Structure formats: C-alpha cells, structure tokens
Amino acid sequence: MKYIIFNWKSYLNIAESMNLSKIVSKLPSTKKYKLICSPNNFYNLSLKSRYPKNIYAAQNIDLHGKGASTGSIDIEDLVNNKIKYCILGHSEVRSNFGETDLTVQKKTDLCLINKIKPIVCIGEPLKIYKSKKTKFFLKKQINKIFKKSNNYEEVVLAYEPLWSIGTGLTPKLSEIDDILGFLSKILENYSFKKINILYGGSVNLSNIKDILSLQNLNGVLVGSASTKSSFIKHFK
Ligand code: PGA
C-alpha cells in the first residue's frame, strides 16, 4: 500500500477543492493506495463534512492553540473534525513563516499526543545537493526533529529536495533510492511503531510509475500535479 498525498497548497478555491474531493470519493476502493487530500486549511472542515469517507490532512497547525491566539489553527479542530493527518515542516511553511526544525519537533510531538499522524517534510536546498552534503544535511534535520528517547507512534516522513519542489526537476531514481536507504538506516536509531518514507518534488503523471516502483518507497507527496483531475483519476 502506497501513500499518495495530494497537497493542494493554496492553488484551489473551495469549489475546485470540492470537485476534486468528489472525484476522490468516487474512486473505487483499493488496497494499492492510501489517498490523502490536503486542501487549504480553511476548507478542510467543510470538505470533511461533505465527503466524510475521504481522508484529509491539514497543511499545518500551530503550537499556540485555543485562547488568545489570533490566526492560530488549533489541533483540537483537527481532532474534533476527524482530520487524521497533518503536514509539518513543509519547505514553503519554513520559508514563508520561518519554521525551524525545533518547531517541527514540537509540532510532531503535539500531533502524536493528539493522535494526529504527522507527515514530516525534510529536504536539502540546491547548494547542499550540489556540494554533495545532502546526507549530512538530512541527518541533522532528523536529529533535530526526532528524539532518541521517544517511542513514536506512526509517522510519515516525506523527503522533498527543495530544488525539486515546483521546478519540474527530480533527482535520478538511483539518487532517491540511495537516500531512502540512508534514511532507513538513520531511523533505526529511533523508536517508531511505523515509519513510512515518501518522496515529494515534481511528481507527475509521467514520472510517478517509475518513482513508485522504488521498493523502499512508501508513497509520494504531490503538489501542483495533484490539482488536476486527470492525475487523481490515475489512482483507480
Ligand atoms: P510539487 O510540490 O509536486 O508541485 O513539486 C510538492 C510539494 O511541495 O509537496
């Protein structure tokens, strides 16, 4: 079973998000894929109540929850509305809102305490990739986000090279495979009930088959391509 996460970012309005949700809800159920829709946070609750069988993920949450926190998205809103997953540490949240690995660590813990499955994003910038320091960079990110003393429940980890997001560029399959092996090895130093490793960055209809054929890959996190109905209908 492979995770397919549709990260609609802020590309779509409510009607478009409803339309894609409807298409997802009509797909015949399959054991091959776990389809998760991640609409703009503002639409999540209405989409979930309209299509209760779909699985939804929030695109972020805040550490400051209920109370005097203007603009916050409280984790209780996810819990109470059966939004089961939450994307954390996406590179756009990191760059637009100054999110750090330490914040991602705290949000991961907050999600797990509340039984929300975190989809934790990591990935190296182009400069690091070019200087062949990707593994060193990813290891540092993992060390900051996860604690060796914790017993983690199920976590989804998305490897998204920053230079690949929204650019049409992807690493070679052999490079992704090499990183998957590396990540699995490092993660052995931590305790997870289950850890699923995904790839994200310029996944589309022409490369998804090859990417999903990687044995150690548990799925993909897809941005712009996932806003097209033709892409969603692929997962029958
Ligand atoms: P992209 O985005 O598929 O548009 O490159 C991926 C992501 O940001 O998760």
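When the test is whether a residue is surrounded by fewer than 20 Cβ atoms within 10 Å (Cβ to Cβ) and either among the aliphatic types (A, V, I, L, M) or at pLDDT 95 or above (or both), Ser202 does not pass it. Within the stretch 1-57, if we keep just the residues that are of a type in the set (Lys, Arg) and more than 17 Å from Lys82 (Cβ to Cβ), the residue that is modelled with the lowest pLDDT turns out to be Lys31. Among the residues of the stretch 112-120, is any away from the ligand (no atom under 14 Å from the Cβ) and touching a Pro at 6+ places or on another chain (Cβ under 8 Å)? Yes, there is a match, as at least one residue in the stretch 112-120 is away from the ligand (no atom under 14 Å from the Cβ) and touching a Pro at 6+ places or on another chain (Cβ under 8 Å). The residues of the stretch 1-41 that are in a helix (DSSP H, G or I) and free of Cβ contacts under 8 Å to residues at least 12 places away in the same chain, listed by number, are Ala15, Lys26. Pairs under 7 Å by beta carbon, first residue in contact (Cβ under 8 Å) with a residue 24 or more places away in the chain and under 17 Å from Gln59 (Cβ atoms) in the stretch 198-227, partner of a type in the set (S, T, N, Q) and within 12 Å of the ligand (Cβ to nearest atom), six or more apart or different chains? Pairs found: Gly201/Ser164; Gly201/Thr170; Leu221/Asn7; Val222/Asn7; Gly223/Asn7; Ser226/Asn7. Here Ile179 meets each of (1) assigned to a strand (DSSP E or B); (2) over 16 Å from the mean Cα position of the chain (by Cα) with one exception, condition (1). Filtered by the rule that a residue be in contact with a strand residue (DSSP E or B) (Cβ under 7 Å, 6 or more places away or on another chain) and part of a helix (DSSP H, G or I), the stretch 156-176 gives a lone residue, Ile176. Could you go through the stretch 134-153 and let me know if any residue there is within 14 Å of the ligand (Cβ to nearest atom), at pLDDT 95 or above, hydrophobic (A, V, I, L, M, F, W, C) and touching a helix residue (DSSP H, G or I) at 6+ places or on another chain (Cβ under 8 Å). Scanning the stretch 134-153, I find no residue that is within 14 Å of the ligand (Cβ to nearest atom), at pLDDT 95 or above, hydrophobic (A, V, I, L, M, F, W, C) and touching a helix residue (DSSP H, G or I) at 6+ places or on another chain (Cβ under 8 Å), so the answer is no.
Taking Leu27 and the conditions (1) among the hydrophobic types (A, V, I, L, M, F, W, C); (2) within 16 Å of the ligand (Cβ to nearest atom); (3) surrounded by 15 or more Cβ atoms within 10 Å (Cβ to Cβ), which numbered condition does it fall short on, given that it satisfies the others? Single failed check for Leu27: (2). Applying the set (1) touching a helix residue (DSSP H, G or I) at 6+ places or on another chain (Cβ under 9 Å); (2) in a loop (DSSP other than H, G, I, E, B); (3) among the polar types (S, T, N, Q) to Ser226 leaves exactly one unmet item: (2). Evaluating Gly168 against the criteria (1) closer than 26 Å to Asn19 by Cβ; (2) out of contact with any Ser or Thr (no Cβ under 6 Å at 6 or more places or on another chain) leaves one unmet condition, (2).
Answer yes or no: is there a residue in the stretch 62-82 that is within 21 Å of Leu198 (Cβ to Cβ) and not in a helix (DSSP H, G or I). The answer is no; no qualifying residue exists.
The values are calculated or read from the model by the stated rules, or taken from the named source; none is laboratory data. Because the structure is a prediction, the values reported are computed rather than measured. Methodologically, a virtual Cβ is constructed for each residue, glycine included, from the backbone with ideal geometry; neighbour enumeration extends over all protein chains shown.
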